[in-house]
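The values are calculated or read from the model by the stated rules, or taken from the named source; none is laboratory data. A quick note: this is a predicted structure, and the numbers were derived from the prediction, not measured. Every residue, glycine as well, gets a Cβ built from its backbone with ideal geometry; the counts of neighbours run over all protein chains shown.
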Amino acid sequence: MDKLAAIVGPTAVGKSNIAIRVAQRIRGEIISCDSMQIYRDMDIGTAKVNPEERKAVPHHMIDIIDPGEDYSVARFQEECKKIIRDINHRGKIPILVGGTGLYYQAVVDDYTFIPMESRFAVRAKWEEIISKKGLAFAYNYLQTIDPDYAAIIASEDQKRIIRALEVYELSGQPFSLTQNKRAGLYKLCVVGLYLDRSELYRRINIRVDEMIAGGLVDEVLALYKRGHDLSLNSMQALGYRQVIHYLDGLSTWGEMVDSIKKESRNYAKRQLTWFRRDQRIKWFDTGDYSSEIELSEKISKLIEVDLCVV
């Protein structure tokens, strides 16, 4: 049975830095489990590790497609399976690292996705409802029929909201139940990182300020000039949507920054909601450790024992 470690948790908790240290200690390679780091030229807003860090430890599933391309969780799962198999065959440990809950679950539980065709009439109906009653109306309805899925997507994510409502109308099933799980594919060790809420929110606010100072607006503007607009899944990423609204004159600079911070905090809540349901995750409060070195050593030892790493 192939081995797989994972390090998950909310945004800004420090997963990437810890994962690099752990990978160096246990001869691991990192597989990004972030639905937005797959896109090229989206570096600042997705908080990708820099090229030097990627040279120190091999990273997979980063910069694999252009922002204008469609990408699915099923495709992510298929590609990850191949990478996990290859890393194991080379005698190393794959470490799945990130905060996209559905992508994580699809890999560790080997989801089987039930195909369902889109139907224009249903989709058009909900687009019309939203144009008249607002997106909040549709999101509130989704919360009543599929609270599990509503809890992990943004209330502003119109494309995913409509798709979930479409699936419900066509199948009579909540979207969250249209995947079959098959756990036990891997010898698994999963670590979750968390922080006191006030400290996590402080870190999130600092990270957003650093992204803005680091050129996030210029990054989004360059993508926007290439025709990448809000019709694309990639541009629904945290920060990118808010910057596009600013560039379109729909918000002020201050409103843009505040919106990114608020939605980032909300996203962190949704991430924790998702991961807390997985009883296999062993949680570490990063605030309990004096340094990243101490924490990474503790996590490395756990993975070595659980996965029988020699």
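Summary table below
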quantity: Verdict on F76 being within 29 Å of P174 (Cα to Cα) and surrounded by fewer than 14 Cβ atoms within 10 Å (Cβ to Cβ); calculated: no
quantity: Residue match in segment 1-19 (condition: surrounded by fewer than 17 Cβ atoms within 10 Å (Cβ to Cβ), under 20 Å from V107 (Cα atoms) and at pLDDT below 95); calculated: yes
quantity: Evaluation of T11 against (1) touching a helix residue (DSSP H, G or I) at 6+ places or on another chain (Cβ under 8 Å); (2) over 16 Å from L238 (Cα atoms) (one fails), failing number; calculated: (2)
quantity: Set S234, S259, S300, S264: member being in the same structural domain as T100 (by TED's automatic domain parsing) and more than 22 Å from the chain's Cα centre (by Cα); calculated: S300
quantity: Identity of the residue in segment 141-167, at pLDDT 85 or above, farther than 19 Å from N233 by Cβ and not polar (S, T, N, Q), that ends up surrounded by the most Cβ atoms within 10 Å (Cβ to Cβ); calculated: D146
quantity: Those helices (runs of 4 or more DSSP H) lying entirely in segment 95-209 with at least 3 residues under 18 Å from A268 (Cβ atoms) and of a type in the set (K, R); calculated: none
quantity: Meets criteria (over 30 Å from F284 (Cβ atoms) and either within 19 Å of the chain's Cα centre (by Cα) or among the aliphatic types (A, V, I, L, M) (or both)) for L195; calculated: no
quantity: Any hit, segment 91-113, residues being under 30 Å from A12 (Cβ atoms), outside the structural domain of E210 (by TED's automatic domain parsing), within 16 Å of the chain's Cα centre (by Cα) and not charged (D, E, K, R); calculated: no
quantity: Conditions (1) out of contact with any Lys or Arg (no Cβ under 8 Å at 6 or more places or on another chain); (2) within 16 Å of T46 (Cβ to Cβ); (3) at pLDDT 95 or above; (4) not acidic (D, E); number of the one not met by S264; calculated: (1)
quantity: Scope segment 1-57; condition assigned to a strand (DSSP E or B) and not β-branched (V, I, T); matching residues; calculated: K3, L4, A5, A6, G28, E29, S32, Y39
